[in-house]
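In what follows, a single structure is set out as structure tokens and then discussed.
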Amino acid sequence: MGRNKTQYFTTPVAGTQEEKIASMCAMLELTGFAASFKNTASRVNLTQGTIHDFIEDLLEKEMLYREESRIVRWMQQARFPFQKTIDEFDFSYQPSVDKRVINELISCRFVEKGENIIFLGPPGVGKTHLSVGLGLEAIQHGYDTKFVKLDEFVERVERERMEHESDPTFASKIFKLYARPRLLIFDDIDFYDTGKDVSTVLFKLICQRYEKNLSTIFTSNKLFSDWGGLFGSKERAGAALDRIIENAAVISITGDSYRVRDKVKRLKLTVAQ
Ligand code: ADP
Ligand code: MG
């Protein structure tokens, strides 16, 4: 049995003191520390700060840097189709969306409690925008988030099936990706008659997330009664929907599509003239 090799560090011997600090920071991956070192040193000198001020400031810079890079990394990993915030959502255009409800969701308590959100409504009313906005908030709050459209999910499951033909664990990658994140956004649930493999994986995924008390946001322009075909059988559809709805906020958006807002405005003007 081989042992894992331990990282071996040696102090750099050559170079000025500043160069040595820079290379030690690089070895220890202290990027925030390295970037702030000179500024902090001269500020602490100027203000006659103590060595503790100096250390505190540099540790703070390092933590800040790590937090900022975590957010950037998680946003990339989430695979949002666009990055739009809740602030960019015009609530006056969509009065059927209660701003107070969305403000409560922004606190991300729903993720902490493992609750689901279901946005229902016709195309263009902002279901994906609101989901992405909440996903961005969740990342800021430290919850890893993943976004996937149902058709992309279906394609992915089918591809894994083809690549691992007779392997019963063919979907392990899918579960790794989608059963683990604290928040999953399942966009555009409007597709039915999925094949047996897809419906089984989807059903298992929903059960796993339910058992682990993990939140999922669903968006759909279909009613729940039309989601049945996704799960292969009536019994399974009932069991999946029970799990989804048990702890869910359902937000129905009934207004006009935002994509045609200029057209609607023009029409209203023409009628008014
Ligand atoms: P849906 O998912 O309901 O089909 P989207 O969220 O994709 O709709 O919205 C379509 C486009 O319109 C997006 O670019 C979105 O940012 C924008 N949009 C929709 N509703 C609003 C709104 N109330 N305020 C600002 N932008 C909106
Ligand atoms: Mg959408």
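Read the figures in this text as sums done on the coordinates, not as results from a lab. Because the structure is predicted, anything quoted here is derived from the model rather than measured. For neighbour counting, all protein chains shown are included, and Cβ atoms are generated from backbone atoms with ideal geometry for every residue, glycine included.
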> Angle, helix 234-246 long axis vs. longest principal axis of the chain, Cα atoms, 0 to 90°, nearest 10?
Replying inline: 50
> In whole angstrom, and with the biggest value first, how far do the Cα coordinates of the stretch 77-149 range along each principal axis?
Replying inline: 31, 24, 20
>> Using the Cα centre of the chain as origin and beta-carbon charges of +1 (Lys, Arg) and -1 (Asp, Glu), tell me which of F89, T219, S233 is placed farthest towards the positive end of the dipole.
In response: S233
>> Suppose the Debye formula is applied to equal point scatterers at every Cα of the stretch 43-82; what is log10 I(q)/I(0) at q = 0.15, 0.30 Å⁻¹?
In response: -0.51, -0.91
>> To make sure I understand, if each residue's beta carbon is the centre and we count other beta carbons within 10 Å, what order do T10, T40, T169 fall in, fewest to most?
In response: T10, T169, T40
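Work out the length of the dipole vector of the chain about its Cα centre, built from +1 on the beta-carbon of each Lys and Arg and -1 on the beta-carbon of each Asp and Glu, and round it to the nearest 20 debye. Mind showing how you got there, number by number?
Numbers: 39 positive and 39 negative charges, 54 e Å.
In total the dipole reaches around 260 debye.
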> Among 15-22, 139-146, 170-177, how do they line up from the highest to the lowest mean number of other beta-carbon atoms within 10 Å?
Replying inline: 139-146, 170-177, 15-22
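Out of all Cα-Cα pairs in the stretch 74-202, roughly what percent, to the nearest whole number, are more than 22 Å apart? Walk me through the numbers before you get to the answer.
On the way: 3435 of 8256 pairs.
Here the tail beyond 22 Å accounts for 42 percent of pairs.
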>> For the chain, what does the helix formula give at 222 nm: sum of -39500 (n - 2.57) over DSSP H segments with n ≥ 4, over the residue count, nearest 500 deg cm²/dmol?
In response: -16500 deg cm²/dmol
> What's the extension gain from E19 to A41 if we count 0.36 nm per residue and subtract their Cα-Cα distance?
Replying inline: 6.5 nm
> Taking N as the number of residues in the stretch 14-163, what is its Cα Rg relative to 2.2 N^0.38 Å?
Replying inline: 1.52
> So how tilted is helix 261-272 from the main axis of the chain? Cα-based, degrees 0 to 90, rounded to 10.
Replying inline: 50
>> If N is the number of residues in the stretch 137-256, what value comes out of its Cα radius of gyration divided by 2.2 N^0.38 Å?
In response: 1.06
> Tilt of helix 150-163 relative to the longest C-alpha principal axis of the chain, in degrees (0 to 90, nearest 10)?
Replying inline: 80
> With point charges of +1 on the Cβ of Lys and Arg and -1 on the Cβ of Asp and Glu, referenced to the Cα centre of the chain, which listed residue (V157, G15, G114) lies farthest in the positive direction of the dipole?
Replying inline: V157
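Normalised radius of gyration for the stretch 36-104, please: alpha carbon Rg relative to 2.2 N^0.38 Å, two decimal places.
Details: Rg = 20.6 Å, N = 69, 2.2 N^0.38 = 11.0 Å.
In units of the 2.2 N^0.38 Å rule of thumb, it is 1.87.
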> If you look at just the Cα atoms of the chain, how large are its Rg and its Dmax in Å?
Replying inline: 25.0, 85
>> For a bin width of 5 Å, list the pair-distance distribution of the stretch 109-161 built from all Cα-Cα distances, rounded to whole %.
In response: 5, 15, 21, 22, 17, 15, 5, 0
> In whole angstrom, how far apart do the alpha carbon centroids of the stretch 67-141 and the stretch 198-238 sit?
Replying inline: 21
> What is the Cα convex hull volume of the stretch 10-63 when expressed per residue in Å³?
Replying inline: 78
